[in-house]
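Below is one structure, written out as structure tokens; the observations come after it.
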Amino acid sequence: MSVRKRKWVTRLGEAKEAWVVDYTDQQGDRHIRTFERKKEADDYHATVKVHVREGVHVAPHRSITVAAAAENWIKSAESAALERATIEVYRGHARIHILPRIGKVKLANLTLPKVEAFRDDLLNGLSRPMARKVWVSFKSILRTAKCAHVVDGVKTIKARPRGERVLVEQGRDFPTPAEIKRLVEEAKGSRQRALVLTAALCGLRASELRGLRWSDVKLETSELEVRQRADRYGEIGQPKTPSSVRTVPCPPEVLAALKEWKLACPKVGELGLVFPTRTGRAELHVSVWRGLKRLMVAAHVVNKAGKPKYGPHALRHFYASWCINPKERGGRELPPKMVQALLGHSSIVMTLDRYGHLFPSKGDQSELADASRALLA
């Protein structure tokens, strides 16, 4: 394996020179690559030397393109039986954002400048959260193709710029207690009332609500068990994460609403869902969300333009705030670890990152003065 200068004369008598990297790969095959500058040749030589030693080098003429690697990545996701919704998100990332930008480039020709340019293009063309999601998918494509080393040393995309935190806020991101009351009062029929109360006072995700079975409603112990979910296409599957499998206390108002709805609930199909379609299948996410938007408009929970004020995750945010708020403000004043368990978060970090600012501060000036006097007495 070496770097050497090559000189030659063209047919027109013009003197030329270039730098050649001559090496043998891990299969014993010899390869030669030519560069205009010595620095480029030296960089390639150093990189190839490491990759050959680690057994991950692929010669350019044998390399597939990013587009082919993306297709292999999708196939591996299908073989792993990932959820249909997840695979469709992956397809969208590849088709819309990755392939138009870098799909024709061979994996062996992916250089640090090319990868950094791709990353910067994502940041310039997409919102930062979306750019991060696409970047993660791109890294997964490379990892599946055993080329993850290509992005070693490339600064990753953070969800937000350093120092910027977007915190959920009552009245902006989730309803106030008064707005929740209006939504419950305006709910038409026992089904919608039961759905709103269960979402707001039990904190289930939308997919968990749509996958909830009557066998998961424990009237004798006043609890709901989260054991399955329905994806956006109505397909039943396991909860989002192992920590999502949980038991949630059920307030009397929710139990009463569920009992009333159970008398009118369609008894069709074998799924035994609490909020099924008329044929007994799981509701689509878009159908439930459409009904909640109409309810917000009817209850005058709207923005200045008269549009629904909150997003589909707002009732779950409200539940988190209700669990956190002090009792004098009508909340439950629960400790962080209990809030994490009730929400089904995989880590306390997730809970505190999203809702930590809502936890009441116990310290005040008088408490600080008493503590310092006791310490120094």
(message) Just to verify a number: FRET efficiency for Glu40 and Glu260, C-beta to C-beta distance, R0 = 51 Å, to 0.05?
(response) 0.10
(request) Could you grab the relative contact order for the chain? Cα pairs under 8 Å, six or more apart, rounded to a whole percent. (result) 11
(message) Give the aspartates and glutamates whose C-alpha is closer than 15 Å to that of Lys49, dropping any in the same chain fewer than 8 places away, or say none.
(response) Asp22, Asp25, Asp29, Glu40
(message) Need the list of lysines near Lys7 for cross-linking: C-alpha distance under 22 angstrom, and skip anything on the same chain fewer than eight residues off.
(response) Lys16, Lys38, Lys39
(request) Can you work out the PRE-style zone for His149? Point 7 Å along Cα to Cβ, and I want the residues of segment 38-54 with backbone N under 13 Å. (result) 44-54
(request) Only Lys, Arg, Asp and Glu count, each charged at its Cβ (+1, +1, -1, -1), so figure out the dipole size of the chain about its Cα centre, rounded to 20 debye. (result) 1040
(request) Between the alpha-carbon centers of segment 99-120 and segment 123-152, tell me the distance in whole angstrom. (result) 10
(request) Taking the Cβ of Leu219 as the centre, find all other residues whose Cβ is under 15 Å away and add up their charges (Lys, Arg: +1; Asp, Glu: -1). (result) -2
(request) Would you please report the Å³ per residue occupied by the convex hull of the alpha carbon atoms in segment 197-284? (result) 87
(message) Using only Cα atoms and rounding to the nearest 10 degrees, what angle (0 to 90) does helix 66-79 make with the longest principal axis of the chain?
(response) 40
(message) Antiparallel versus total DSSP beta bridges in the chain: what percent is that, nearest 5?
(response) 95
(message) Helix 314-324 against the longest principal axis of the chain: what's the angle in degrees, Cα atoms only, rounded to the nearest 10?
(response) 70
(message) Can you give me the orientation-averaged projected area of the convex hull built on the Cα atoms of segment 2-57, in nm²?
(response) 4.1
(request) With just the Cα atoms of the chain, tell me how far they stretch along each of the three principal axes, in Å, largest first. (result) 93, 73, 42
(message) Cut-off 14 Å, label point 7 angstrom out along Cα-to-Cβ of His61: give me the residues of segment 1-32 whose amide nitrogen falls inside.
(response) 23-25, 29-32
(message) How charged is the neighbourhood of Val268? Take every other residue with its Cβ under 13 Å from the Cβ of Val268, and add Lys/Arg as +1 and Asp/Glu as -1.
(response) +2
(message) If I take R0 = 45 Å and measure r between the Cβ atoms of Glu88 and Lys16 in this structure, what FRET efficiency does the formula 1/(1 + (r/R0)^6) give, to the nearest 0.05?
(response) 0.30
(request) Between Arg373 and Asp353, with labels modelled 7 Å along Cα→Cβ, what's the label distance in nm to one decimal, could you check? (result) 4.3
(request) Identify the residues of segment 38-52 with backbone N under 17 Å of a label point that sits 7 angstrom from the Cα of Lys7 along the Cα-to-Cβ direction, or state none. (result) 38
(request) Would you kindly state how much longer the chain becomes between Trp214 and Thr247 on full extension, computed as 0.36 nm times their sequence separation minus their alpha carbon distance, in nm to one decimal? (result) 10.5 nm
(message) Over 26 Å between Cα atoms: which of Lys307/Lys337; Lys262/Lys293; Lys181/Lys262 fall into that group?
(response) Lys307/Lys337
(request) Mind pulling the angle between the C-alpha long axis of helix 177-186 and the longest principal axis of the chain? Nearest 10 degrees, somewhere in 0 to 90. (result) 70
(request) With unit charges on the beta carbon (Lys/Arg positive, Asp/Glu negative), name the residue among Ala108, Val9, Asn72 whose Cα is farthest towards the positive pole of the charge dipole of the chain. (result) Val9
(request) Provide the packing ranking of 320-333, 222-235, i.e. peptides ordered by the mean count of other C-beta atoms within 10 Å per residue, highest first. (result) 222-235, 320-333
(request) Any chance you could tell me what percent of the C-alpha pair distances in segment 259-320 go past 16 Å? (result) 59
(request) Work out the charge dipole of the chain with +1 on the Cβ of Lys and Arg and -1 on the Cβ of Asp and Glu about the Cα centre, then indicate which of Phe118, Ala230, Ala206 is farthest towards its positive end. (result) Phe118
(message) Students often forget the sequence filter, so: which lysines lie under 21 Å Cα-Cα from Lys155 once same-chain residues fewer than 8 apart are removed?
(response) Lys114, Lys133, Lys139, Lys146
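FYI, it's all coordinate maths here, none of it is from the lab. In this text the structure is predicted, and so the values were computed from the model without any measurement. Here the Cβ is made from the backbone with ideal geometry for all residues, glycine too, and neighbour counts use every protein chain on show.
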